[in-house]
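What follows draws every value from the coordinates through simple rules; no lab data is involved. Just so it is clear, the structure is predicted and the values come from calculations on it, not from any experiment. Cβ atoms come from the backbone with ideal geometry, glycine included; neighbour counts cover every protein chain shown.
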There are 2 protein chains.
Amino acid sequence: MIYFDQAASSFPKPASVANAMAEAVNEYAANPGRGGHALATRASQMIESTRELLKAFFHAPSKRHVWFYQNATMALNQALLGFPFQEGDHVVSTSFEHNSVRRPLEQLRQRQGIEISYVEPNSTGLIEVEAIEKAFKRNTRLLVVSHGSNVTGAFVDIERIGKIAKTKKVPFLLDASQTAGKLRIEMDHANISMLAFAGHKGLLGPQGTGALIVAEDFQLKPLVYGGTGSYSELIDQPSQWPDRYESGTLNTPGIAGLNAGIKYIVERGIDDIYEHEWQLTKQFLQGLQGMASIKEYGPSLEVKRVGVVSFQMEGLDSHEVATILDEHYQIAVRAGLHCAPLAHDTLQTSETGLVRVSFGPYNTAEEVDTLLTALGEIEQAFY
Amino acid sequence: MIYFDQAASSFPKPASVANAMAEAVNEYAANPGRGGHALATRASQMIESTRELLKAFFHAPSKRHVWFYQNATMALNQALLGFPFQEGDHVVSTSFEHNSVRRPLEQLRQRQGIEISYVEPNSTGLIEVEAIEKAFKRNTRLLVVSHGSNVTGAFVDIERIGKIAKTKKVPFLLDASQTAGKLRIEMDHANISMLAFAGHKGLLGPQGTGALIVAEDFQLKPLVYGGTGSYSELIDQPSQWPDRYESGTLNTPGIAGLNAGIKYIVERGIDDIYEHEWQLTKQFLQGLQGMASIKEYGPSLEVKRVGVVSFQMEGLDSHEVATILDEHYQIAVRAGLHCAPLAHDTLQTSETGLVRVSFGPYNTAEEVDTLLTALGEIEQAFY
């Protein structure tokens with residue numbers, strides 16, 4: 001099996017990930033922070049050291065600002081539904097957001113009467129910083145932008161966007177689901193107010209992990225209320241971070257796996273991983289250029305992107321192409337709308353969807369060649 | 001290390017749990033339901049077979065009614081904050097609820113003006129069915145009760161409570177965090193409308209797992225909005241179950257581990273597990289009776305409970321006792337309020353907290369003897 005569905009979940013993981021998880025389950029499956037005994041302390045230390053790792057990796061102010069969730073969706077919901085909006089507030093976002101941003105925003109529109117501007121990309125599929133700047137209004141209270149598109153791989157310039165947000169004095173929420181672990185993200189330098197990401201994609205951790213890192217206190221309302229293992233006597237959530245925003249037992253084995261994934265990235269070097277995936281992306285894009293039936297959607301070949309390429313084969317449904325690749329060639333890609341319908345509206349691909357190929361640190365040039373050969377054979381068979 | 005903190009998280013787990021998790025991470029870490037390829041299908045099958053297992057285990061109407069969350073807290077929040085309350089609605093609950101029930105209820109009181117009755121236990125610490133029945137009013141819209149107390153181990157008669165709820169035509173939400181995997185729970189027979197539980201306690205799964213099972217459509221509002229891998233084109237959450245209530249990537253390795261945990265319980269037999277823990281509980285309670293300095297809180301020795309026993313040693317703070325047991329005897333117990341402050345108010349133990357000892361399927365009579373000996377030595381040293 002050749003796996004090119006890295007944008008959904010990375011695979012394989014470093015061997016250390018499953019090992020760390022098994023160790024957590026077999027050696028210290030106690031409840032972190034909810035008892036003072038040795039096993040609970042060990043679980044708690046694993047969680048705190050992962051907070052510390054994420055703090056350093058993303059240049060967060062302190063590990064208390066790192067909050068763990070089941071996935072990026074939950075982290076984004078905490079940031080968006082928890083944000084203290086008032087009726088009539090305005091949000092700037094883009095048409096390339098995943099449903100994990102768009103659906104909470106639309107909820108807020110319904111519930112609280114907020115107004116949303118979805119910035120459209122330019123003709124080459126890139127979201128321009130100038131277009132974001134123009135979308136600001138006097139009542140803009142939040143900017144929420146996806147760092148890298150899960151459809152085209154195009155990514156935005158977060159440092160420039162961060163500067164605009166800072167000038168406008170509007171908090172900047174970045175959805176880094178497609179870029180965490182692939183592109184450098186420094187919350188301090190890029191002026192990122194809130195950073196949400198999944199643990200099981202570029203960070204090479206297991207499913208069941210995600211986080212929200214918050215640079216300062218935006219008076220977020222907790223999304224979930226319950227036991228925090230601290231201040232049990234309070235009727236309300238405690239005010240302390242991260243307790244206030246992390247009710248219930250955390251996913252200790254998942255967080256241990258995430259810890260191992262991040263350590264792999266730090267050791268190999270994020271720039272090395274990016275360069276590796278970029279080479280595979282270029283190789284694949286160049287290969288596609290010779291195929292008449294294929295239309296690729298995304299930035300031009302010269303523009304750097306994360307390792308995501310989406311295309312259509314003329315006259316073939318995207319699911320059909322994916323099924324042939326899976327069943328005849330044992331190549332895993334993904335077809336459909338990728339939970340980003342507005343992006344497909346923009347690209348005018350909502351009817352057929354797109355075939356998405358995405359690369360990871362363990363994919364090889366030989367695998368890309370095999371995929372190109374397979375696509376060539378499909379083209380020959382159908383045209 | 002002797003581990004008696006089973007009510008917080010069970011330990012050890014069956015060996016099959018970590019194995020299933022490692023297999024999920026190493027062999028099929030693809031995103032379930034978000035791609036049609038072979039690895040995604042395998043992940044999806046693991047999740048669906050676990051739904052099926054839970055459906056059968058708890059007598060749920062169908063696997064679509066089983067929704068996965070990071071923990072029981074999140075499941076309870078989905079049920080409570082998602083319930084379509086109107087201002088002035090009344091909820092019947094008990095003073096033995098965990099903060100994962102109490103804090104969401106108090107939020108609802110603040111946000112939506114609901115009224116709550118917390119039923120108090122009788123003088124022996126038992127919540128009486130009659131007291132619950134009396135608490136109903138004409139405007140009661142929901143009954144939420146903890147099956148077993150995480151402080152005293154006392155459990156309520158769910159079949160009788162279910163009958164009352166049915167007669168009153170009020171949905172019955174059961175928090176089975178302390179009883180799932182330990183006591184038989186049949187949603188159909190006991191007329192349970194919604195069942196919330198953790199995966200990492202009695203069910204022997206890993207942390208990072210929990211579920212809500214809903215018997216029928218109560219028009220719950222989703223707590224989290226986002227990608228469901230289905231109906232991506234909709235602005236709103238899809239109406240299909242479980243998609244509507246499960247946004248974002250699920251914790252596949254965790255669910256695989258939970259699957260293994262439940263299979264262990266089914267093979268060994270839940271009655272056998274209960275009987276084993278009950279014998280250990282009786283042995284411990286009998287041993288405590290000879291110790292003058294110890295006051296035990298909970299039902300009398302004749303009354304069956306789940307394997308949880310809480311006590312005070314006269315003049316010693318509960319944390320001090322727990323620390324001595326941990327450091328001098330390598331015995332893990334838990335001290336404090338156990339996220340259930342109202343229970344401690346009722347027991348008048350809020351100042352000092354209690355030392356909680358809780359038993360699991362792998363604990364042995366010898367371990368209980370060791371604990372009793374240790375407590376005897378502490379008593380001798382301090383009195």
Which percent, nearest 5, of DSSP beta bridges in chain A are antiparallel? 50
Among A:ILE158, A:ILE235, A:ILE185, which one moves the most in a GNM of chain A with springs linking Cα atoms closer than 10 Å? A:ILE235
Once phi is turned into ³J(HN,Hα) by the Karplus curve 6.51 cos²θ - 1.76 cosθ + 1.60 with θ = phi - 60°, what whole-Hz value does each residue of segment A:369-383 show in order, with x for glycine and proline? 4, 4, 4, 4, 4, 4, 5, x, 5, 4, 4, 4, 5, 9, 10
Antiparallel DSSP beta bridges within the protein assembly as shown, as percent of all bridges there, nearest 5: 50
In nm, spacing of pseudo-spin labels at A:VAL266 and B:GLU366 (7 Å Cα→C-beta vector): 4.1
Treating the beta-carbon of each Lys and Arg as +1 and of each Asp and Glu as -1, no other charges, what is the dipole magnitude of chain B about its Cα centre, to the nearest 20 debye? 1320
Note to self: Kirkwood Rh of chain A, Cα pairs, one decimal, Å, is 21.6
Per the helix-only model, chain A has a calculated mean residue ellipticity at 222 nm (DSSP H runs of ≥4, -39500 (n - 2.57) each, divided over all residues, rounded to the nearest 500) of -12500 deg cm²/dmol
To make sure I understand, if each residue's beta carbon is the centre and we count other beta carbons within 10 Å, what order do B:ARG356, A:ARG138 fall in, fewest to most? A:ARG138, B:ARG356
Please compute the volume of the convex hull spanned by the alpha-carbon atoms of segment A:127-270 and report it per residue in Å³. 128
Would you please give the residues with an amide H less than 5 Å from that of A:GLY153, counting only those at least 5 places away or on a separate chain, with H modeled from the backbone geometry? none
If you fit an axis through the alpha-carbon atoms of helix B:318-329 and take the longest principal axis of the Cα set of chain B, what angle between them do you get, 0 to 90°, nearest 10? 80
Work out from phi, with θ = phi - 60° and the Karplus expression 6.51 cos²θ - 1.76 cosθ + 1.60, the ³J(HN,Hα) of each residue of segment A:194-210, listed in order in whole Hz, and give x for Gly and Pro. 9, 10, 10, 7, 8, x, 9, 9, x, 7, 6, x, x, 4, x, 10, x
Computed FRET value (nearest 0.05) for B:ALA131 with B:LYS169, which takes r as the C-beta separation and R₀ as 22 Å: 0.65
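With +1 on each Lys and Arg Cβ and -1 on each Asp and Glu Cβ, and nothing else charged, work out how big the dipole of the protein assembly as shown is about its Cα centre, in Debye to the nearest 20. Spell out each step's value before the answer.
Working: 66 positive and 88 negative charges, 302 e Å.
For the protein assembly as shown, the charge dipole is close to 1460 debye.
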Within a Gaussian network of chain A (alpha carbon springs, distance under 10 Å), most fluctuating of A:LEU220, A:LEU212, A:LEU142: A:LEU220
Nearest 10 degrees, 0 to 90: helix A:270-289 Cα axis against chain A principal axis: 30
Mind checking segment A:36-104 for GluC sites (Glu not before Pro) that DSSP puts in a loop (not H, G, I, E or B) and that have at most 13 other Cβ atoms within 10 Å? A:GLU87
Take A:SER62, project a point 7 Å from its Cα along the Cβ direction, then tell me which residues of segment A:231-270 have their backbone nitrogen under 18 Å from it. A:231, A:238-246
Rg to Rh, two decimals, where the protein assembly as shown supplies the alpha carbon set and Rh follows Kirkwood: 0.99
Cβ neighbours within 10 Å from other chains - mean over A:16-28: 6
Paramagnetic label zone (point 7 Å from Cα along Cα-to-C-beta, B:ALA381; backbone N under 20 Å) in segment B:354-371: B:354-357, B:367-371
Give the distance, in whole Å, between the Cα centre of segment A:82-120 and the Cα centre of segment B:257-317. 50
